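Some notes on the structure that comes next.
The values are calculated or read from the model by the stated rules, or taken from the named source; none is laboratory data. Note that this is a predicted model, so its numbers are computed, not measured. Heads up, the Cβs are rebuilt from the backbone with ideal geometry, glycines too, and the neighbour counts pull from every protein chain shown.
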Amino acid sequence: MSHTRNRTRPLWVAASAASLLFARLAWCVRPGEAVGFDTTVRATVHSWASPALTSAMRFVTNLGSHYFLVPLGLLLVWRWVATGRRGQALVFASAALSAELFTQLFKLVFHRPRPEVYFGLAPAETYSYPSGHAFVSTVFYVLLAALLTAGKPSGRQRIAIRIAGVVLPLAIGLSRIYLSFHYPSDVLGGYACAVVWLCCTKLWSGLSVSTLVITSPEST
């Protein structure tokens, strides 16, 4: 029992810290207290603007959109089920779908208006806090990277996949700030939610690997 408690303690600590960060940001964004921080970061990021970078950011931000994640997620779940890896399909689908559901619920609760979008892009129709791109894409890609490398010995390919699983959501979050679809505090709030979701997914799955590495029940 004590061994199990020691293994899960980092998860509880990480989830608690992320929850506090989310709550603190939520407390600030409602009355507008985070405006100074957001304005400074947005101005700095926008100062990097160039046609080439804007094109790259538009491509990256699409990697966190529903139009990309939903078909990819369905394909992955179908593949896992077809090859008998239902545990992986269940963990992945549950985490991704619940993250999307709670993103929309949080947006309705906080009702934060979006910032003015740069580069003549069409504004998003939903509320701003937290960033669904940051939240859902982090859960999606980190979990996908972990599942793809589950049970495999350490090596360059495994490390590269897991690094990509973290770097890609970070790039997506940056793209949301650069294109001004979100305030920086929205993106941080999305990442905080994702950390909580990943920790809870590990705890629910009964797994015993490092904090953000989640394998399927069948591989444990």
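No other residue among R58, R79 is at pLDDT 90 or above, exposed (fewer than 14 other Cβ atoms within 10 Å of the Cβ) and charged (D, E, K, R) apart from R79. Does S98 meet the test of being touching a helix residue (DSSP H, G or I) at 6+ places or on another chain (Cβ under 8 Å) and in a helix (DSSP H, G or I)? Criteria met by S98. Can P123 be described as surrounded by fewer than 20 Cβ atoms within 10 Å (Cβ to Cβ), in contact with a Phe, Trp or Tyr (Cβ under 9 Å, 6 or more places away or on another chain) and not aliphatic (A, V, I, L, M)? Judged against the criteria, P123 is a match.
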